[in-house]
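Here the structure comes first, spelled out in structure tokens, and everything after it is commentary.
The values are calculated or read from the model by the stated rules, or taken from the named source; none is laboratory data. This is a predicted model, so every value here is computed, not measured. Positions of Cβ are backbone-derived with ideal geometry, glycine not excepted, and every protein chain shown enters the neighbour counts.
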């Protein structure tokens, strides 16, 4: 079974990639993250994923950095995380359907910092809209292992989800 995995970053891809391979899936990654800001952060994550993909001989599709459209939508939304999940998973579903994949999923499901229940609901909604299966697995049990794998592989590890809003909150909450 072919699955397209939306990848937020290389460290978060390590464990789901391993799990899905063990389950017999043929995996292709999708790096589509217009939410990541600043651009240097985006480039760090992109470079790290390219390194991991080369190490693991894994195919990854890299989509355009569409920050302007993302920001317009996020600023107009009452629920920025919901908007962000919808925006990125819709692109994953659209790409998966166009390229003939059996299903799509996201590495966001590994993070204990994401709004997991909202993410799962958005994935199902998007799957219904695009007529392609959303593969749901609660990967959070592998979060610690993903960090260990990332360190072992020398992958860049970020300190926030990537959006400008979470970066602001990161510094605002530290009093700096």
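Table: residues versus (1) surrounded by fewer than 20 Cβ atoms within 10 Å (Cβ to Cβ); (2) touching a residue at least 40 places away in the same chain (Cβ under 8 Å); (3) not in a loop (DSSP other than H, G, I, E, B).
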residue: 78; (1), (2), (3): yes, no, no
residue: 84; (1), (2), (3): no, yes, yes
residue: 95; (1), (2), (3): no, yes, yes
residue: 104; (1), (2), (3): no, yes, yes
residue: 108; (1), (2), (3): no, yes, yes
residue: 112; (1), (2), (3): yes, no, no
residue: 124; (1), (2), (3): yes, no, yes
residue: 136; (1), (2), (3): yes, no, no
residue: 146; (1), (2), (3): no, yes, yes
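Quick check on residue 117: is it part of a helix (DSSP H, G or I), at pLDDT 95 or above and out of contact with any strand residue (DSSP E or B) (no Cβ under 7 Å at 6 or more places or on another chain)? Yes.
Conditions (1) closer than 24 Å to residue 157 by Cα; (2) surrounded by fewer than 18 Cβ atoms within 10 Å (Cβ to Cβ), marked per residue:
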position: 17; (1), (2): yes, no
position: 40; (1), (2): yes, yes
position: 46; (1), (2): yes, no
position: 74; (1), (2): no, no
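How many of the residues in the stretch 1-52 are without any contact (Cβ under 8 Å) to a residue 12 or more places away in the chain and closer than 21 Å to residue 137 by Cα? Residues in the stretch 1-52 being without any contact (Cβ under 8 Å) to a residue 12 or more places away in the chain and closer than 21 Å to residue 137 by Cα: 3 in total. Somewhere in the stretch 38-60, is a residue assigned to a loop (DSSP other than H, G, I, E, B), at pLDDT 95 or above and more than 14 Å from the chain's Cα centre (by Cα)? Yes, because at least one residue in the stretch 38-60 is assigned to a loop (DSSP other than H, G, I, E, B), at pLDDT 95 or above and more than 14 Å from the chain's Cα centre (by Cα).
Might you let me know whether the stretch 13-24 holds any residue that is part of a loop (DSSP other than H, G, I, E, B) and modelled with pLDDT of 95 or more? Quick ask: steps written out before the conclusion?
Keep residues of the stretch 13-24 that are part of a loop (DSSP other than H, G, I, E, B), which gives 23-24.
From what is left, the residues that are modelled with pLDDT of 95 or more are 23-24.
Yes; the residues of the stretch 13-24 include at least one that is part of a loop (DSSP other than H, G, I, E, B) and modelled with pLDDT of 95 or more.
For the stretch 48-64, a tally of residues being under 27 Å from residue 81 (Cβ atoms), out of contact with any strand residue (DSSP E or B) (no Cβ under 6 Å at 6 or more places or on another chain) and surrounded by fewer than 23 Cβ atoms within 10 Å (Cβ to Cβ) returns 4.
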